Amino acid sequence: MAIDQQDRMQMLRAEPELPELDLSWMEPGTEWGVRAQPGRRGLTIDEINIGSYGEAPDESEGWTMRPRGAASREAVPRVAHYLRDKADTWSKNASLLYEEAVQRQWSSATDIPWETLRPLPDRVERAMCQFCTFLTEVEFIAGDVPGSWLPKISNEHYEVKLFLASQVMDEARHLDVFRKRALANGGGLLLSSGNAGLRFVMDAQDFTEMSAILHVQGEGLIQSIFRMGEYIATCDAEKRMFRLAAQDESRHVAFGVMHLKYILETQPWRREEIHAYLDYSEPAIQGGSAGGLMVFGVLAHHPQVCAAVLAHVGISDALRTELSPNGEFNITEFGTVRDETQFHGMLGYSPYHAVKQGTTYPAVMATTGMNDPRVEPWQSFKMVAALQASGTPNPVLLRVSHNTGHGGGTRLSERDQQLADSYTFLFAALDLPYRPVGDR
Ligand SMILES: [Fe+2]
Ligand SMILES: [Fe+2]
C-alpha cells in the first residue's frame, strides 16, 4: 500500500501507540539511592563497599554469575563457583592490593632504561640469560595458577577475583620483562628448568593450599631472588627490572599472608592443615638476626619439623639479650626479664634454654661476624656449644668471620664466600646432588 507524503508526516507527528510496558522487573528490591563518594584516594572499592553492597557474605549462594548486591533470577543455570565460603579465599587486603596494582602498572617496553645495557663478558651474560630463562618459566606458572582459580570463586567475593586478575597481569609483565632481558644483550634463552618444582604449585587441590605454596612460600622466595637480582644487576635496566618486579611480588605475598591470617581468625581449627601446607617446602629453614631467633626457636622447640637450619647472626639467649648494648632497644618487642610475667614468657621461647640432652636436632649451621654490635657473636657461640653438647647425631657447625659484623657493609667477596658455604651446607645436609649447569 502506498503511503503519500502527507500521511507519512502525520504518522511521524502523532504520539506512537505503544502497548503498556511493564518495567517492574527493574525494581527487584535491591538497595536503591546509593551515592558512593570518592575518598582521599579516589572512588576506590572501599568507598563503594557501602550498605548491602559492602557485605561480603560468609557463605555465598554463589552458583550463578550474580554480582554482589544484585537481585537473583529464577531458572538460571549454575556455574562452577564451588568456592563459596568467605574463608575459602578471603583476604582482608585484597581490594587495597588490587587498587595498588592498578595504580602501579608499568611497561617493560618503556619503563626499563634498556639503553643502559652494556656488553658483558660471555660467562656473565650466560649467567644472566640462564637466570632470566628460569624466571620467565616461573612467571608463567605464577600467572597460570591464580588464573585457573578465578572461575571457581563466587562473584560475591569479587575483591579476591579482582586481586587475582591483577596478579595475572603482574606476572604477564614479569615473564615479558625477563624474556626481553634475555634477548636484549647478545644472549638468548638457555636451559628450561624441567618444571619439577613448579608442577607442585599447579597440583594444589585447595585454594588455601595453593595460596600457602604460591603466595607465601613461592613468591616470598621469588621476592628475595629479585632483591638479590637488584643487588647483582650490572646496569640500571636490570636494577629497575628487578625492583619493579619485586614491588609487585610484595603484593602477592601480602595477599597470601592475610588469607592465612583470615582463616586462623575465623576457622582456627584449620591451623594444623595450614601448618601441613607450609611444611611442604620446609626441609630447611634460614633466618638472620631476629629471624635467627625464630629459626633457633623452631630448632629448639620443634626439632622434628625440618632437616636443616641456617641461622645468620641470630639471637639464641632471649634472657640475656637485653644486657648487651643493643639489647635495650629490643625490650618493647621481646620483653624484659625485669618483669616476672615477661621473664617466664621469654624463658618459654628462648631457644638456648630449650636445648635438651639426647635430642636429635636437625643439621645446623650458625654464622656470625666478630664485629657485630647488634647481635653479639656469643649468641651463636652459646647455641652451637649447647647443641654440640646435646649429643645430637647431626652436624652442628659454626662459621665465624673476623671481617664482618651484622651484615650491612659486608664486602661482596665476603658475601659470596658466605653464600657458597651456606649452600654447601644445605646441599650436604639435605643430601642434594649438586650439578653445575654444564654437566647435565
Ligand atoms: Fe612474578
Ligand atoms: Fe608474583
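The values are calculated or read from the model by the stated rules, or taken from the named source; none is laboratory data. Here the structure is a predicted model, which means the values were calculated and not measured. Neighbour counts are summed over all protein chains in view; Cβ atoms, including those assigned to glycine, are modelled from backbone coordinates with ideal geometry.
Residues of the stretch 301-308 include at least one that is surrounded by fewer than 23 Cβ atoms within 10 Å (Cβ to Cβ), without any contact (Cβ under 8 Å) to a residue 12 or more places away in the chain and within 30 Å of residue 89 (Cα to Cα). When the stretch 38-68 is limited to residues that are among the β-branched types (Val, Ile, Thr) and farther than 22 Å from residue 88 by Cβ, the one that is surrounded by the most Cβ atoms within 10 Å (Cβ to Cβ) turns out to be 44. Does residue 166 meet the test of being within 22 Å of residue 107 (Cβ to Cβ) and either in contact (Cβ under 8 Å) with a residue 60 or more places away in the chain or among the charged types (D, E, K, R) (or both)? Criteria met by residue 166.
Considered as a group, the residues in the stretch 169-188 that are touching a residue at least 60 places away in the same chain (Cβ under 8 Å) and over 22 Å from residue 221 (Cβ atoms) include one that is farthest from ligand 1 (Cβ to nearest atom), and that residue is 186. The set of residues from the stretch 159-178 being surrounded by fewer than 19 Cβ atoms within 10 Å (Cβ to Cβ) and more than 18 Å from the chain's Cα centre (by Cα) comprises just one member, 176. Across the stretch 12-37, which residue is nearest to residue 98 (Cα to Cα) among those that are out of contact with any Ser or Thr (no Cβ under 7 Å at 6 or more places or on another chain) and surrounded by 10 or more Cβ atoms within 10 Å (Cβ to Cβ)? Among those that are out of contact with any Ser or Thr (no Cβ under 7 Å at 6 or more places or on another chain) and surrounded by 10 or more Cβ atoms within 10 Å (Cβ to Cβ), it is 36.
Which of the residues belonging to the stretch 196-213 are assigned to a helix (DSSP H, G or I) and either more than 14 Å from ligand 2 (Cβ to nearest atom) or modelled with pLDDT of 95 or more (or both)?
Passing the criteria: 196, 197, 199, 200, 202, 207, 208, 209, 210, 211, 212.
Of the listed requirements (1) more than 16 Å from ligand 1 (Cβ to nearest atom); (2) of a type outside the set (Asp, Glu); (3) more than 20 Å from residue 242 (Cβ to Cβ), residue 146 misses just one: (1). Where helices (runs of 4 or more DSSP H) fall entirely within the stretch 214-284, those with at least 2 residues that are surrounded by 16 or more Cβ atoms within 10 Å (Cβ to Cβ) and either within 13 Å of ligand 1 (Cβ to nearest atom) or of a type in the set (D, E, K, R) (or both) are at 219-232, 236-266.
Contact annotation: residue pairs with Cβ atoms under 6 Å, 6 or more positions apart or on different chains, pairing a residue in the stretch 121-142 that is touching a residue at least 24 places away in the same chain (Cβ under 8 Å) with a partner that is within 16 Å of ligand 2 (Cβ to nearest atom) and among the aliphatic types (A, V, I, L, M), are 136/175; 139/175; 140/175; 141/198; 141/201.
Just one of the listed residues (120, 164) is away from ligand 1 (no atom under 12 Å from the Cβ), assigned by TED's automatic domain parsing to the domain that holds residue 251 and part of a helix (DSSP H, G or I), and it is 164. Residues of the stretch 407-420 being touching a residue at least 40 places away in the same chain (Cβ under 8 Å) and assigned to a helix (DSSP H, G or I), which ones? Residue satisfying the conditions is 418 alone. A single member of 359, 367 is buried (at least 19 other Cβ atoms within 10 Å of the Cβ), at pLDDT 95 or above and either part of a loop (DSSP other than H, G, I, E, B) or assigned by TED's automatic domain parsing to the domain that holds residue 401 (or both), and it is 367. Inspection of the stretch 221-239 identifies no residue that is over 16 Å from the mean Cα position of the chain (by Cα) and on the phi > 0 side of the Ramachandran plot. Any residue that is in contact with a helix residue (DSSP H, G or I) (Cβ under 8 Å, 6 or more places away or on another chain), under 24 Å from residue 166 (Cβ atoms) and not assigned by TED's automatic domain parsing to the domain that holds residue 181 - is there at least one of those in the stretch 91-103? Within the stretch 91-103 (the criterion being in contact with a helix residue (DSSP H, G or I) (Cβ under 8 Å, 6 or more places away or on another chain), under 24 Å from residue 166 (Cβ atoms) and not assigned by TED's automatic domain parsing to the domain that holds residue 181), the answer is no, since none of the residues qualifies.
A quick yes/no check of all residues on (1) under 16 Å from residue 161 (Cα atoms); (2) touching a residue at least 24 places away in the same chain (Cβ under 8 Å):
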| residue | (1), (2) |
| --- | --- |
| 28 | no, yes |
| 32 | no, no |
| 43 | no, no |
| 50 | no, no |
| 62 | yes, yes |
| 86 | yes, yes |
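Just one of the numbered conditions (1) in contact with a helix residue (DSSP H, G or I) (Cβ under 9 Å, 6 or more places away or on another chain); (2) among the β-branched types (Val, Ile, Thr); (3) modelled with pLDDT under 95 is not true of residue 253: (3).
Considering only the stretch 88-105, state which residues are outside any loop (DSSP other than H, G, I, E, B), of a type in the set (D, E, K, R) and touching a residue at least 60 places away in the same chain (Cβ under 8 Å). Correct list: 88, 100. If the requirement is being farther than 17 Å from residue 179 by Cα and within 11 Å of ligand 2 (Cβ to nearest atom), which of these qualifies: 253, 216, 257? Only one candidate passes the filter, namely 253. Restricting to the stretch 122-158, name every residue that is among the aliphatic types (A, V, I, L, M), more than 15 Å from ligand 2 (Cβ to nearest atom) and crowded, with 19+ Cβ neighbours inside 10 Å. Once the filter is applied, which keeps residues that are among the aliphatic types (A, V, I, L, M), more than 15 Å from ligand 2 (Cβ to nearest atom) and crowded, with 19+ Cβ neighbours inside 10 Å, the stretch 122-158 yields 128, 153.
Can you find a residue in the stretch 323-335 that is surrounded by fewer than 16 Cβ atoms within 10 Å (Cβ to Cβ) and not in a helix (DSSP H, G or I)?
yes
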